[in-house]
Each structure stands twice: as structure tokens, then as C-alpha cells.
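J.: First the structure, then my questions, so here it is.
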Amino acid sequence: MNKPSYHINNLRELEAESIHIIREVAAEFENPVMLYSIGKDSSVMVRLAEKAFYPGKVPFPLMHIDSKWKFSEMTAFRDKYAKEMGWNLIVHYNKKAFEEGVGPYTHGSKVHTDVMKTQALLEGLNKYKFDAAFGGARRDEEKSRAKERIYSFRDKFHQWDPKNQRPELWDIYNAKVQKGESIRVFPISNWTELDIWQYIRLENIPIVPLYYAKMRLVVNVDGNFILVDDDRMPKEMAAKAEMRMIRFRTLGCYPLTGAIESEADTIEKIVEEMMTVTKSERTTRVIDFDQEASMEQKKREGYF
Amino acid sequence: MEITEFLDQDQKKDLLRLLTAGSVDDGKSTLIGRLLFDSKKLYEDQLSALERDSKREGHAGEEIDYALLLDGLKAEREQGITIDVAYRYFSTAKRKFIIADTPGHEQYTRNMVTGASTANLAIILIDARKGVITQTKRHTFLVSLLGIKHVALAVNKMDLMDYSEEAYNKICDDYKEFITPLGIPDIRFFPMSALKGENVVDLSDKMPWYHGKSMLEYLETIHITSDRNFEDFRFPVQYVVRPGHDYRGFAGKVSSGIVKQGDDIMVLPSGITSRIKEIVTYDDSPSYAFPPQSVTLTLENEVDVSRGDMLVHPSNLPIISRHFEAMLVWMDEKPMDLNTQFLIKHTTNNTKARIDSINHMVNINTLENFDAKTFQLNEIGNVTLTTAKPLFFDAYKKNRQTGAFILIDPRTHHTVAVGMIIDKTSAHQTHRITEVELQKVANGELLIDPVQKEKRFNQKAHTLWITGLHGSGKNELAYTLYRELFQQGATIILLDGKSVRAGLSRELDYSPSDRAEHLRRVAHMCRLLNDQGMLVICSFVSPDNAVREQIAEIIGPNKFHLIYLKANLDFCISNDQYGIYEKANRGEIQHIPGIDMQYDIPQNTQLTLNAMEKSHQAETVFQYLEKNNIYPAS
């Protein structure tokens, strides 16, 4: 027999940490939910949840907050995998605002994001009375996230107070909340974008094809390549569309998410691209430029 | 190498979590910025070297404000300081790193403790112009309190000190003196200029006298796997997995120790024993599991196990008790109310706890203990607690996982305090001996170093050797010194001819050869006593110059202080209380200096005292001791 090795590599260590967090929440909260955005981080998070309870089933539902402006490939991917994997998936959207026709082209990115994402999220959480919600946010994504706890406490109004966070030591998490209060849990806090890609490669996790480079029809809007995803894009804008070899680093609402020019059409090429990339992935998110420190602002208001 | 091979290799690297501590002005943000951004360039270069026609983008000459890149929240930006723990991530070809960046201000001890709790290693920054300051000591204490085993002292801004080796050495010496009693096993020193990138990623040619590694190389190569406890198997059950009626898997993280398929185990608190049937993971069924893996265990028999229980080996149990002592750090704005029934979370257990007593508080600036009736924010102290049900724990020093807990306020639900359990019996138990110590034992070297002894006894362990003719008043002086020094608090041993000859040198007479042997024995005794921290006063005629030189050699010339009591023979004869001169004159005894053998007048004395001026002698010696920091040492 070989001499046993007690060495653990960084991905397996991160995996073990995330599984520990997911199990703690499942054990200590009455009604947790995992927020599923269809993106690469969510895909990793869901796999970690499946691992955490194997051979049992994931003991909480997934919830997708649908802004109704997601890429059509995302929605197709979501419906396919939810069915194949037997997920208990809730899809929630802001029905009233959708019927009123709220969208980024007519109302601007700020109003759209607030109504169709933040408000929809709060509505969904309140509707099912979830006391803990997993999110796939990572600390390396954005400056204000670097200081986020793993258990992020939210008051009755789902607000985050960065000045009054609970101390969080070792792997001992304070799960005490009063009725109506909740926590957001970030089990992949310590993962970087590169880790996510390496793990997807290692584990063969299915992802939305938009992450792979392909010739696609896009419009160049101030340096952001916006995909012509459906006919809701204003005609004068769509008229400027051209074919480009592009891929997406992050996925959200198609009018608010910029693609990057890339040749990376395999997972290996994506990982390689990540290793040498110098720009933050958030630079492809148009919504972050709305106002100074906008992510922090949104988090205070209850967004992830 | 193919890209797939490179990627396979890359994901095998391990993870190092480190803490950085220092104030805004020490250049901490610049150091972190360098590590983050300069190492990325290195990494990219290694990767692009794989491809023949790689496009090399020029980074050189880019002016980067590292501090700005790291800045976080809006409120902090306005104040221009970091106020919380911020986590940063970077990778090299050898390792992945997570930095917990914590601020240096006193009011944020809480954040530093938070960052330290998960760190393997701490970088403590010092501004070379300021040296070791109170803040440095505070940070170091917190690092040792949280059980970090590796400390790297970054002596920054060497460029502003003209890269002076002397200045650097002085800072290292000051730091060593302070850190020794804290018992941190691994301490390294780095002279650097973060601003100029010297000794951060690359070695600098400005400090050719420095022969160590650059900070990054050290971080990439330091061995940390063995810091984990692989000896004491502890498995706090987190969750019971029940996919079907007949299957029960116990999910949890291996806190410490190794578990193998087929191992006999015991369930705490029930004490029921069983055997490991299978180690289950989503990917496979490994034959063993180790920390920090998250696995699921199944048992051979149907045993009642639920969350909060702990699986252990029956031959290696943790402490099972409702009472324990701990170091507590108060984290809440509101001071402690001793009447509160706190909620305590320890491993996967939740119960209630009450503080029985505050044993003492620690002043983190001076490390002195003091008494207090309550805890305020950021205060640290030793307490005794009682819990509503027994906990299964180990001392924090032995096991960071099972020795830590948090206290939660039952009303506000804030995490108000965090604690580290102290092994109650540790004061009476011998600690396990380390490899380095074992070598010392083999060499006959003591395990407490002289600096610590000097501090404890507040004295230099030297020998005061009083020489002079019979009747010159040596013993009178020696016994007076002993009484006075004892009363002042010194720890002293007195040796004189009469007492040593009564036993140890019983078979020896006064002939020159026997005198030499007698004094050789005394000198070796002095050396042993000095080694153990004792201040020794000797009172011996010791007439022979060569013998006195030999004594000085044995004791060590820098520890040997010769005091000569100068007296003429007439005075000595009149002062002779033992009648030695009378006997010698009658021919009853021989070899008496001044009568039938020579007394060599000492040339190289530290003090020469006039035998007739008895009233001044002791005072002169005290002045001498004080002036040379022999007693008191500080």
C-alpha cells in the first residue's frame, strides 16, 4: 500500500470549506434557499451542494430571480438542467413590473436593476419566508465584496450594514436571527474567478455556451459588445450589429452585459485566458458604472 | 509542456492563508499591492513562456498606486484608511494565497483577531525608521494568542535608512527579545523596501549583506501541512444524511487526526462504540480522510448519532467537561454583563454558558496582567466558564478546531466574544518536546534561554569573586551582600571556604595542589549556577594568580567579577576570628598565605576595596552592580 498523503490542493481545500458552510446552513436554518443565477459561479455552487449531501438529495430549493431580460440561451440552459438533474427550482419574477413593461432600454439600467432584480429578489425571499439565502458571490469579484462575511446578516428590510457586521472567526458561524431577519450566505467567498474555471474543468460542470468564444452578432456600445439576443433591442441600435469572435465572462441581463473579444472556445483556453487577464470581470457589467461605489449602494439596499 | 499539462500541474498547488498587520504608514498596502500585482506578472511570464510566439505586453515602467487598487468601502475611502478585514487573493506557479488584510489601529483589535483566526502565517510590518513600537508588540501578541505558528517580520522602508545592516540588526534583536516568551515556533526577518520592490518579489542588490529569501519566495516555499493536527481524530457531526430508511451517513469536517475505514470509533457524549464502515464522498470512497476534508461517515451498527455529537477514537479522547478556562476577546461595543447567560457555539454544538470568574485581564501593550470586573470592547482576559451541557474539547494550543468557541448575546444575537480554551492541566503537565529541543537536551543545553532567565530574575547570572587574605573581612562582606541583595529581590547563592570544605571538598587540605582542586570545583559549581540564572557570591582566599585565571576561564571571563579586599597582614591578624594565624605561627598548620606561602596581589580586579573601610565596601559593590546592570538588570 502506498504511504498515505495528507496533502490537500487548493481547489479541494476550497471545496471542503464550501461544503462545510453549506451543511452548517442546512443544519441550523429552518428554511434556506440557494439563489441560482444560471452563471458559472452558481453552477459550481450547485455542484458543491450536491456533493455536500451525497448520497442524499439537496435539502433545500434553488430559486432563480428572472429579470425577464436574461440571455435566451441562459433560460434554455436553466430549464434543461433543472429537469435533467431533478432540481427543486423556483423561478420568481416581478410580475407587476414585467406587465408594466419595465426594461433597461425604456427605464434605464438603474431602474431596471432595482425593480427587476433587487425588488424581485426581496419579493421572492418574503413570499417563501426564507431565513437564509445562498449566493454565489466571491470576494475577489468586487472591492466592497472583499470585506463581506461568509454569513452576511440582513435586517428585516434585507439591508446590509457594512459598519456593523458580526465578527466571524475560524469556521464557527453565528446562525442566530430574530424572526423576519435573515442571512445571505456566500459559500464560495474564497474562490477566485480562476478557481471557478479550474474547478469547472476538473469537475466537468456544464455551463451556458455563451461562456465559450464563437462568432456572434454584437453591437459595440462604448467599448462593450452587446449581444443582439432578441428583437427587444432598439432598431437603430441593432442596425449597427456586426459579427465578432466573442465570449462572456459574466452573464446577466443581455443589454447590460458586455462580451469580450476572445478566441477561447474550450475550457482549457478559458483557464489560460484567466491566468493572464488583467482586467476585473466586473468591468463587463455595465450596471456597475452607474454611480460611484454602486455595488456597495446596491448591497446596502438588499441586493446581493 | 502542453497547456493541459500546465493546468493539471497548476491546480495541484496548495493554499496558504496569511495575515498582514501594520499601520497605514508602514507601507502595508504597498507591500500587498506588490505581492498581488508583481507576482501576477511573474506568473504570466511563466505561462507565456510556454507559447513560442507569445505576445509580451510591457508592464515595466507602469506607475501603479498599489494602495488605491486595494481600497475598499466608500466610507473608508473618505477616511483614507482600511477599517475592516479585507480578503485578497493571488496565485503564483507554486502556491495560491489568501491575504487577510487587517488594520493596525487599537480599536480594531477585533478585526485583527478575526483575520488571524484562519491564517497559517502572519506578516508583521515595521517601519525601519521607528523600529519595534507598541503596535508591533500588540500585533505579535494577538498573532500568538490566535495560535499562528509562522511570523515574518517585514522591516520596511530600508531605503530611508540607507539600507543599514546595523539598523536592521538592532530591530531584529529588539524584536527577538520581545517575542521569545510568546513561544511562536517560527520567526523570520526580512529587510525590505515595498515602495521600491526590494526583497519583496526579487532580491535587492542594495542589501548585499542579506542572504535570505525574498518575501515572496519565502511565502511560496514555507512548509505548512505539518501545522495541522494529524494525531487526535475529532469529527464533529454536522448533518445526518438520510437518502433512504436504512441509510444513515454522518456528514462533517475532519477537524483533526486521521480516520480510516475499519477504525474503531466512539460517539460522544453517549460513549457507544462502533466501527467505520465507509468513508463516503460524491467522487469516491477513500480508505482514509484527514483534515480539513469534508466527508460523510457510515458506521457498521445502527447507532444513534445526531448533530453536535463527536466521533473520536476510543483510545484518544478529548476533554469532556462543563467547566474550562479560556482566553476571551471581547468583540462587542457593549461591555460584558456578567449576569448574562450567553449562547455558546463550539464546533457543531450550541448550548448556554455563564462566566464564573474573570481571573485576570491582559494589557496587550505591556503583556502585564491586571484585575477587572468586566470586559470592554477589544479587551482580552482569562475567564472560567460553565456550560449547560458538557462540551468535547482540546486545548486551543493543541487543536485550533476543538479549542475555539464564540459567545453570542441571547438578546441581540451579536457575536460578543470569542474564546480559546486553555488546557487546565497544562501548568502541571510537561509539554511535548520538539525536535530542536531534543537536540539541545542531547547537548546538555537548557530549554530556557538566558534572556528569559535574565528577565525572570531581573539579574545577570554572574559570579562575584571576593579574594583576600585570611582575616581581611571577605565573609563579612559576602554575607552582608547576600542579605542586602536577597532583601532587594535578587536570587543568589553564596559559597565560602568553610561551607564548601565541610562537604564537597572534605578530603582536601590547604596545600597548593589541593587548594587548586578545591577552587576548580567551586568554579565549576559557579558556572552551573550561573547557567541556571543564579547570581553567585564567592568568598575564597584564592591566593594564586594562575588559579584565579583558571577560575575566570571556567566561569567565563565576562561573567567573572574579581573583588579584592586589600589589607595588610597586621590588620588581618588582629581581625582573625578563627585563630588561623596563631596556629600557623605555632607551626600547627601549614600553607597559610602571608605566613609560609605567597599571596599574589591581583592585578586585573573589577573592584579593589580597602579592608579597613568596612562601612563603604557593600555600598561600592551595589553601585558597581547597578552600573553594570548586573543587579537589577533593567
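J.: Mind checking the mean number of beta-carbon atoms from other chains within 10 Å of the Cβ atoms in A:23-29?
T.: Averaged over the peptide's residues, the number is 5.
J.: Next question, about the same structure. Considering every residue in A:54-66, what mean count of other chain Cβ atoms within 10 Å of its Cβ is obtained?
T.: Other-chain Cβ atoms within 10 Å of each residue's Cβ, averaged: 3.
J.: Compute the separation of the alpha-carbon centres of region B:257-326 and region B:107-173 and state it in Å as a whole number.
T.: Distance between centres, Cα-based: 39 Å.
J.: When ranked by the protection proxy of mean other Cβ atoms within 10 Å per residue, highest first, what sequence do the peptides B:342-353, B:224-235 form?
T.: Per-residue mean Cβ counts within 10 Å order the peptides as B:342-353, B:224-235.
J.: Could you rank the peptides B:160-170, A:180-190 by their average count of other C-beta atoms within 10 Å per residue, with the highest value first?
T.: A:180-190, B:160-170
J.: If you plug each phi of region B:261-278 into the Karplus form 6.51 cos²θ - 1.76 cosθ + 1.60 with θ = phi - 60°, what whole-Hz ³J(HN,Hα) values come out, in order, with x for Gly and Pro?
T.: 4, x, 5, 6, 10, 10, 9, 9, x, 5, x, 5, 10, 7, 9, 6, 7, 8
J.: Mind grabbing the base-10 log of I(q)/I(0) for chain B at q = 0.09 Å⁻¹? Debye formula, identical points on the C-alpha positions, no solvent, two decimal places.
T.: -0.92
J.: Cα gyration tensor of region A:91-202, axes a ≥ b ≥ c as square roots of the eigenvalues: rounded (a/c below 1.5), prolate (a/b > b/c) or oblate?
T.: It is oblate, given that a/c is not under 1.5 and a/b is not larger than b/c.
J.: What is the pair-distance distribution P(r) of region B:555-634, computed from all Cα-Cα distances in 5 Å bins starting at 0, with each bin given as a whole percent?
T.: 3, 12, 18, 19, 16, 13, 11, 6, 3, 1, 0
J.: Another question about this same structure. Show the residues, 5+ positions off or on another chain, whose built amide H is closer than 5 Å to the amide H of B:Asp186.
T.: Here B:Val151 satisfy the definition.
J.: What is the ratio of the Cα radius of gyration of region A:223-269 to 2.2 N^0.38 Å, where N is its residue count, to two decimals?
T.: 1.23
J.: In chain B, which whole DSSP H runs stretch at least 20 Å along their own axis (Cα) and average -0.5 or higher on the Kyte-Doolittle scale?
T.: Membrane-span-like by this criterion, though nothing is claimed about a membrane: B:28-48.
J.: Also, quick follow-up: Taking 7 Å along the Cα-to-C-beta vector as the label spot, tell me the B:Arg354-B:Ser270 distance in nanometres, rounded to one decimal.
T.: A separation of 3.1 nm, rounded to one decimal place.
J.: Which lysines, if any, have their Cα less than 16 Å from the Cα of B:Lys474, not counting same-chain residues under 8 positions apart?
T.: Cross-link targets: B:Lys498, B:Lys566, B:Lys614.
J.: Given points 7 Å out from each Cα along the Cα-Cβ axis, report the B:Ser499 to A:His7 separation in nanometres with one decimal.
T.: Each label point is offset 7 Å from its Cα along the Cβ direction, giving 6.0 nm.
J.: Right, another one. Taking every pair of alpha-carbon atoms in region B:316-386, what share in percent sits in each 10 Å bin, from 0 to the bin with the longest distance?
T.: Per 10 Å bin, starting at zero, the Cα-Cα P(r) for region B:316-386 comes out as 18, 51, 25, 6, 0 percent.
J.: Dividing the Cα radius of gyration by the Kirkwood radius, what Rg/Rh value follows for the protein assembly as shown?
T.: 1.10
J.: Here's a follow-up. Which shape class applies to region B:203-244: rounded if a/c is under 1.5, otherwise prolate when a/b exceeds b/c and oblate if not, where a ≥ b ≥ c are the square roots of the Cα gyration tensor eigenvalues?
T.: Prolate, because a/c is 1.5 or more and a/b exceeds b/c.
J.: Which value in deg cm²/dmol, rounded to the nearest 500, describes the helix-derived mean residue ellipticity at 222 nm for the protein assembly as shown, given -39,500 (n - 2.57) per DSSP H run of n ≥ 4 and division by the residue count?
T.: Here the helix-only value at 222 nm equals -9000 deg cm²/dmol.
J.: Turning to a different aspect of this structure: What percent does the relative contact order of region A:61-156 come to when contacts are Cα pairs within less than 8 Å and at least six residues apart?
T.: 26
J.: Which ³J(HN,Hα) values in Hz, rounded to whole numbers, follow from the phi angles of region B:392-402 under the Karplus curve 6.51 cos²θ - 1.76 cosθ + 1.60, where θ = phi - 60° and Gly and Pro get x?
T.: Each residue's phi maps through the Karplus curve to give 10, 9, 10, 5, 4, 4, 8, 8, 5, 7, 9 Hz.
J.: In nanometres, what is the gap between the two model label sites at B:Glu165 and A:Glu50, each 7 Å from Cα along Cα-to-Cβ?
T.: Placing both labels 7 Å beyond Cα along the Cβ direction yields 6.1 nm.
J.: Working out 0.36 nm times the residue gap between B:Glu517 and B:His591, then minus their Cα-Cα distance, what length gain in nm do you get to one decimal?
T.: 25.2 nm
J.: Quick one: which residues, 5+ away or cross-chain, put their amide H under 5 Å from the amide H of A:Val221? H built at 1.01 Å from N.
T.: Amide H neighbours of A:Val221: A:Ile226.
J.: Lysines near B:Lys130 by alpha-carbon distance under 20 Å, same-chain residues fewer than 8 away left out - which ones?
T.: Partners found: B:Lys28, B:Lys157, B:Lys170, B:Lys176, B:Lys196.
J.: What are the ³J(HN,Hα) couplings of region B:119-130, residue after residue, when phi is run through the Karplus curve with 6.51, -1.76, 1.60 and θ = phi - 60°? Round to Hz, x for glycine and proline.
T.: 8, 7, 8, 10, 9, 10, 8, 10, 7, 4, 6, 9
J.: Using Cα pairs closer than 8 Å and at least 6 residues apart in sequence, work out the relative contact order for chain A, in percent.
T.: Reported as a whole number, the value is 20 percent.
J.: Right, another one. Multiply the residue gap between B:Asp371 and B:Asn604 by 0.36 nm, knock off their C-alpha separation, and tell me the result in nm, one decimal place.
T.: 78.8 nm
J.: Report, by chain and number, residues whose modeled amide H sits under 5 Å from the one on A:Met34, excluding near sequence neighbours (fewer than 5 apart, same chain).
T.: Counting only residues 5 or more places away or on other chains, the set is A:Leu62, A:Met63, A:Phe134.
J.: Could you give the radius of gyration (one decimal) and Dmax (whole number) of the Cα atoms in region B:365-477, in Å?
T.: 23.9, 81
J.: Explain nothing, just the number: relative contact order of chain B, from Cα pairs under 8 Å at least 6 residues apart, as a whole percent.
T.: Value for chain B: 8 percent.
J.: Taking only the Cα atoms of chain A, how large is their convex hull per residue, in Å³?
T.: It is 151 Å³ per residue.
J.: Using Cα centres only, tell me the gap between region A:77-117 and region B:186-230 in whole Å.
T.: Answer, in whole Å: 50.
Read the figures in this text as sums done on the coordinates, not as results from a lab. Remember, it's a predicted structure, so these values are computed and weren't measured experimentally. Cβ sites come from the backbone with ideal geometry, for glycine too, and all protein chains shown count toward neighbours.
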